[in-house]
Amino acid sequence: MESKSLFKRHLDHSPFLISGPCSAETPEQLLKIATDLTNNVKLDVLRAGIWKPRTRPNSFEGIGEDALKWLLETKKELSLNTTVEVANSKHVELALKHEVDILWIGARSTVNPFSVQEIADALKGVDIPVMIKNPINPDLQLWIGAIERIEQAGIKEIAAIHRGFSAYGISNYRNKPMWEIPIELKRIYRDLPILCDPSHIGGNRDLIQPISQKALDLTFDGLMIESHHDPDHAWSDAQQQITPFVLKSILNDLVIRSSKIHNDEVLLKFQELRLKIDSLDESILERIGQRMDLIESLGEIKREKQIPILQVERWNSIVNSYNEIGADLKLSEKFISEFLNAIHTESIRKQTIVMNR
Ligand code: PEP
Ligand code: MN
C-alpha cells in the first residue's frame, strides 16, 4: 500500500521537492527566488535558513525573526508551504507563530541529544511535520535517537534528510554521502520518507545532478536543493547554490526509474536472478561459517601452545594473494580489503573467546 505521507514521491514518480535559499537575506531576495521557483519547477516546499549554524564565528548567522515575517509574506503571496531549520525552543515558538508549515532539525543539532530533546519538548502537543537531518558524524544510532525523541513528542509526520557526513581530509564531497547509512535507516524504518540534500553533500554546483540521480536510483522520496537568483553573491553557501533555471534543467535531466515492475517478462527474469543471488549469498555465509569453525580449532591449538592470536605475516600473505584473485575477478581493491578485514575481525573475535575459555 502506498503511504499517504506528505513527503512521498508524486504519482509520476518525480521527487518531493524542497528548494529555496540557504539563507533568507532580504524580502526581495526571498520573493524573487520563490517566484522563479514556482514559475519553473514543481515546488512542494520553500526552504529558507533563518538562523544559520556557522562553523566559524563572524560570518553571516542569519537574519532571525524579521526573515520569518518575509517568509510568511512570500508564503501568502505565492500560496506556498514553507520550511525552516529550528535549533532550540525559541526557534520553534517563533516558527510556529509565523505559520511555517514544516520544521527541520539541522545536522549540528541532531548530533546533540540535549538540543533535540529541547526541540521535542517544545513540540509536545503541536501538529507539524518535522524533518531530521543526519548528524554531522556517521552515527546511525544518533540519527535514530533524534527520530525517536521527535516521535515520542507525538509528532506524526517525520522525514529524514540525508545531507552527508563530515570527515577530516580532502574529498570530492563537502560531506561524504556514505549511502550505506541512509540505506540502513530505510531498512529499519520501512515507512520513513527519506529525502536527500545534494547541496550539502556535494558542496558544489556540479555535483547536484549526479548526487540527485543517485538518490533517486536508491529510491529516496525527495530532494532538498538550495537555490538562489544570484548564487555567486549568496550570503552563505555560495558555491553550492543554483538558480531556479538551472534547477529546472537538472530536474528535467533526472531519469525517473520506477521500482515497481509492470512487465511480466521482466518480473520473471528478476525473480530468476534474485533466486540465484539468494542461494549464492546463502552458500557464501555457510562457507564463512565453516571458516569460523576452522578458526576456532586453530584457536584451541594457539591456546594450548601459547601462540598469540595475531600472526601478521600470515595475514599479510592472505591479503596479498587475495588482491590478485580479486583483480582477476574484477573486484576493487577497496572491496577486497574491506571484505577481508571484516572476516579477520570476526576471526579474531572468535579466537579471543577460545583463548579466554
Ligand atoms: C542548511 O540546510 O542550510 C544547513 C545548515 O544544513 P546542515 O544542517 O545539513 O548543515
Ligand atoms: Mn546551506
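The values are calculated or read from the model by the stated rules, or taken from the named source; none is laboratory data. This one's a predicted model, so the numbers in the text were calculated from it and none came from an experiment. Cβ coordinates were reconstructed from backbone atoms using ideal geometry, including for glycine residues, and neighbour counts include every protein chain displayed. Please note that ligands, DNA and RNA were not included when accessible areas were found on the heavy atoms of the full protein model with its side chains. Shrake-Rupley method; radii C 1.70, N 1.55, O 1.52, S 1.80 Å.
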Note on the range 12-156: contact order normalised by length, alpha-carbon pairs under 8 Å, 6 or more apart, percent, works out to 18
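Given the C-alpha atoms of the range 264-355, compute the convex hull and give its volume per residue in Å³. Show your work: numbers first, answer last.
Values: hull volume 9.6 nm³, N = 92.
Enclosed volume per residue, from the Cα hull, is 105 Å³.
State to the nearest 20 debye the size of the charge dipole of the range 148-202 about its Cα centre, where the only charges are +1 on K and R beta carbons and -1 on D and E beta carbons. Working shown, then result.
Details: 8 positive and 7 negative charges, 27 e Å.
Dipole about the Cα centre, nearest 20: 120 debye.
Leaving out ligands, DNA and RNA, what percent of the accessible area of the chain is carbon and sulfur, probe 1.4 Å? Don't skip to the end; give the middle numbers.
Working: 10450 of 19620 Å².
The computed percentage sits at 53.
What's the magnitude of the charge dipole for the chain around its Cα centre, counting Lys and Arg as +1 and Asp and Glu as -1 at the beta-carbon? Answer in Debye, nearest 20.
Using only the charged Cβ atoms, the result is roughly 560 debye.
Could you order peptides 255-261, 11-17, 240-246, 126-132 by the average number of other Cβ atoms within 10 Å of their residues, highest first? Each step should come with its number before you reach the end.
Working: 255-261: 9.9, 11-17: 15.9, 240-246: 21.0, 126-132: 19.4.
Going by the mean number of other Cβ atoms within 10 Å, highest first, we get 240-246, 126-132, 11-17, 255-261.
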The chain: relative contact order from alpha carbon pairs under 8 Å, six or more residues apart, as a whole percent, is 14
Along the range 126-131, Karplus-curve 3J(HN,Hα) (6.51, -1.76, 1.60; θ = phi - 60°) to the nearest Hz, with x for Gly and Pro, reads 9, 9, 8, x, 10, 10
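Once you've got the Cα coordinates, tell me which of Lys52/Lys156; Lys176/Lys269; Lys305/Lys334; Lys8/Lys32; Lys214/Lys350 are over 31 Å apart.
Working: Lys52/Lys156 26 Å; Lys176/Lys269 35 Å; Lys305/Lys334 35 Å; Lys8/Lys32 27 Å; Lys214/Lys350 38 Å.
Where the Cα-Cα span goes over 31 Å, the pairs concerned are Lys176/Lys269; Lys305/Lys334; Lys214/Lys350.
Give the Rg/Rh ratio for the range 83-157, taking Rg as the radius of gyration of the Cα atoms and Rh as the Kirkwood radius, to two decimals. Spell out each step's value before the answer.
Working: Rg = 11.1 Å, Rh = 11.9 Å.
Rg/Rh for the range 83-157 comes to 0.93.
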For the chain, the charge dipole (Cβ of Lys, Arg +1; Cβ of Asp, Glu -1; about the Cα centre) points to a positive end, and the Cα of Ile309, Thr74, Thr26 closest to that extreme belongs to Ile309
Filtering trypsin sites (Lys or Arg not before Pro) in the range 30-109 by DSSP loop and by at most 14 other Cβ atoms within 10 Å leaves Lys42, Arg54
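Among residues other than Ile353 whose Cβ falls under 14 Å from its Cβ, what is the net charge (Lys/Arg +1, Asp/Glu -1)? Could you put the intermediate results ahead of the total?
Working: positive: Lys302, Arg303, Arg349, Lys350, Arg357; negative: Asp293, Glu296, Glu300, Glu346.
Surrounding charge for Ile353 is +1.
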log10 I(q)/I(0) for the chain, Debye formula on C-alpha points only (no solvent), q = 0.10, 0.11, 0.12, 0.13 Å⁻¹, two decimals, reads -0.73, -0.84, -0.94, -1.04
For the range 16-253, dividing by residue count, accessible area per residue (probe 1.4 Å) in Å² works out to 42
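For the chain, what is the percent of antiparallel DSSP beta bridges, rounded to the nearest 5?
On the way: 1 of 27 bridges.
Roughly 5 percent of the beta bridges in the chain run antiparallel, per DSSP.
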